[in-house]
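S.K.: Structure incoming, see below.
The values are calculated or read from the model by the stated rules, or taken from the named source; none is laboratory data. Everything numeric here is computed off the predicted structure, so don't read it as measured data. We place every Cβ from the backbone using ideal geometry, glycine too, and count neighbours over all the protein chains shown. Each accessible area value is taken on the protein alone, full model and side chains, heavy atoms only, with ligands, DNA and RNA left out. Shrake-Rupley method; radii C 1.70, N 1.55, O 1.52, S 1.80 Å.
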Amino acid sequence: MPAPLPVILSAHDPRWAQLAAERAERLKALGPLVEAVHHIGSTSVPGLTAKPIIDLLPVVSDLATLDERRSEVEALGYEWHGDYGIEGRRFCTCSDAAGARLANVHFFAANSPHVARHLAFRDYLRAHPAAARAYEREKRRASALHPDNSHDYTDEKAAFVKAMEGEALAWRERNRPLAK
């Protein structure tokens, strides 16, 4: 389990999108196993204050095959943490030489409901500035309570995130094009 990190919130940096794209491109070294790589989390929402850690969600065709290719993921500079408390996920982190976290990678199989949950949350925040501002206020509140422990910070804002995810999934469903 990765140790908790200090919670440092930064103003949105437009370079985060490019950093995410570069990391996503490197994950394509895994070939057709990786069907898509999505930039998720607060760094993926323009204007939103965030911890300056890029979150990526690679969608893979098969988790068992990914498990067999763990050494290839590690060779890309990632530390493997297994499901890290979420069934069906493979969580990996990347840090610089000084130990500063650069990226979190959340691998999920294409059929995982977690893919829809993460993408709906991201897209909802992008489409609803008032919701993004409310989330930013919650992040600031949680970081003020737990400035030195990213695990407690995440736990502190979990109920807010879960409620907003519910709104995001309902919004996504309402706005989904009708099948022909």
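S.K.: Jot down the per residue volume, in cubic angstrom and as a whole number, of the convex hull over the alpha-carbon atoms of the chain.
M.R.: Details: hull volume 22.6 nm³, N = 180.
Taking only Cα atoms, the chain has a hull volume of 126 Å³ per residue.
S.K.: Here is a follow-up. Efficiency by 1/(1 + (r/R0)^6): what FRET value for F160 and A3, r their Cβ-Cβ distance, R0 = 30 Å, to the nearest 0.05? Write down the numbers at each step before the final one.
M.R.: Values: r = 24 Å, r/R0 = 0.81.
After rounding to 0.05, the efficiency reads 0.80.
S.K.: Can you give the accessible area per residue of segment 73-180, in Å², using a 1.4 Å probe?
M.R.: Details: 6040 Å² over 108 residues.
On a per-residue basis, 56 Å².
S.K.: Quote the relative contact order of the chain in percent (integer), defining contacts as alpha-carbon pairs under 8 Å separated by 6+ residues. Intermediate values should be presented prior to the final figure.
M.R.: Numbers: 276 pairs, mean separation 39.7, N = 180.
22 percent.
S.K.: Now for a different question. Kindly write out, for segment 109-117 in residue order, the coupling ³J(HN,Hα) from the Karplus curve 6.51 cos²θ - 1.76 cosθ + 1.60 (θ = phi - 60°), rounded to whole Hz, with x marking Gly and Pro.
M.R.: 6, 4, 8, 6, x, 5, 4, 4, 4
S.K.: Could you please put D55, D96 in sequence from largest to smallest accessible area, using a 1.4 Å probe?
M.R.: Values: D55 30, D96 60 Å².
Result, largest first: D96, D55.
S.K.: Could you calculate the contour length gain from H81 to D67, that is, 0.36 nm times the residue separation minus the distance between their Cα atoms, to one decimal place in nm? It would help to have the intermediate numbers written out before the result.
M.R.: Numbers: separation 14, 0.36 × 14 = 5.04 nm, distance 1.12 nm.
Between H81 and D67, full extension yields 3.9 nm more.
S.K.: Then there's this: Gain in length, N149 to R176, computed as 0.36 nm per residue apart minus the alpha-carbon separation, to one decimal in nm?
M.R.: So the extension gain works out to 5.9 nm.
S.K.: If I compute solvent accessible area with a 1.4 Å probe over the protein chains, what percent of it on the chain is carbon and sulfur?
M.R.: Details: 5220 of 9610 Å².
After summing per-atom areas, the C and S share lands at 54 percent.
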